[in-house]
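K.L.:
I am attaching a structure below and will ask some questions about it afterwards.
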Amino acid sequence: MNREYQKWYSPSLQRDMEMLVFGHAGLPLIVFPTSKGRFFDYEDRGMIAAIAHKYEDGGIQAYCLDSVDAESWYNKQVHPRARVLRHMQYEQYLIHEALPYIRSKNNSGELALTGCSFGGYHVMNFALRHPDLVTYGVSMGGAFDIHQFLDGYYDDNCYFNCPPDYLSNLTDDWYLSRYRNTSKMVLATGERDSCLDDNLRLAGIMDSKQIPHWLDVWGDNTGHDWPWWQSMARKFFG
């Protein structure tokens, strides 16, 4: 299997950012790490090995990103306004640095996203904010409400990065038509997942907006951990 390590200084974030690339061709897949996670966690937790044949056969090419969650949502040392602004700098890194790099290596017209736990937040938030860029998003055990990170603070930047809030009020046909016609979104969770309610809530909002999606609630005591997410990866990407 092709495996590459990349590192560059990010002008958007003013720090070095690292990445692992798996596979040589196929569907480009951005992988967001879990809460405060690192670019190597997806591999270390067996998620690459779970569908190794897809990378070896040229079906998928994964780009495992680093996070700045510890500097944004989870950074209790700064004001909540600074937390969300740091997250928005991360989005600029995605759009203006990571994506051009991916397109330079893979000219597919598709772009998939996936992530587990808080990585699922990044999947859905980025896909909903940029449906012109994303064609397929799979959140596994995601949580989507960012109020818990804001200590009661709220501004427009917070609002437009909290999917349950902005999606509930969305009427703009530019977004809605793209959700309905070009985007495929999966909310995968377990019946014992601590984030189950977040998935049910977001799915309900999507239903009310007639946004196609797949809410996949797993039985058999499925919870919030890597062995279940490995099985989900096999189902949705294998």
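The values are calculated or read from the model by the stated rules, or taken from the named source; none is laboratory data. All figures in this text were calculated on a predicted structure; none of them were measured in a lab. Virtual Cβ from ideal backbone geometry, glycine too; neighbours counted across all protein chains shown. Please note that ligands, DNA and RNA were not included when accessible areas were found on the heavy atoms of the full protein model with its side chains. Shrake-Rupley method; radii C 1.70, N 1.55, O 1.52, S 1.80 Å.
K.L.:
Inside segment 196-216, can you point out the residues that are touching a strand residue (DSSP E or B) at 6+ places or on another chain (Cβ under 6 Å) and open to solvent by less than 80 Å² (accessible area, probe 1.4 Å)? Don't jump to the end; show me each part of the working.
P.N.:
Filtering segment 196-216 for residues touching a strand residue (DSSP E or B) at 6+ places or on another chain (Cβ under 6 Å) gives 196, 199, 203, 213-216.
Those that are touching a strand residue (DSSP E or B) at 6+ places or on another chain (Cβ under 6 Å) and open to solvent by less than 80 Å² (accessible area, probe 1.4 Å): LEU196, ASN199, ALA203, HIS213, LEU215, ASP216.
K.L.:
Can I ask one more? Sort out which residues of segment 168-195 are over 14 Å from ALA127 (Cβ atoms), open to solvent by 50 Å² or more (accessible area, probe 1.4 Å) and in contact with a Gly (Cβ under 9 Å, 6 or more places away or on another chain), and write them in order of number.
P.N.:
GLU191, ARG192, SER194
K.L.:
Are any residues in segment 6-42 of a type in the set (Phe, Trp, Tyr), open to solvent by less than 40 Å² (accessible area, probe 1.4 Å) and not in a loop (DSSP other than H, G, I, E, B), and if so, which ones?
P.N.:
Looking only at segment 6-42, we keep the residues that are of a type in the set (Phe, Trp, Tyr), and these are 8-9, 22, 32, 39-40, 42.
Narrowing the set further to residues that are open to solvent by less than 40 Å² (accessible area, probe 1.4 Å) leaves 22, 32, 39, 42.
Within segment 6-42, PHE22, PHE32, TYR42 qualify.
K.L.:
Answer yes or no: is there a residue in segment 91-110 that is open to solvent by less than 30 Å² (accessible area, probe 1.4 Å), in contact (Cβ under 8 Å) with a residue 40 or more places away in the chain, acidic (Asp, Glu) and closer than 20 Å to GLY142 by Cα.
P.N.:
no
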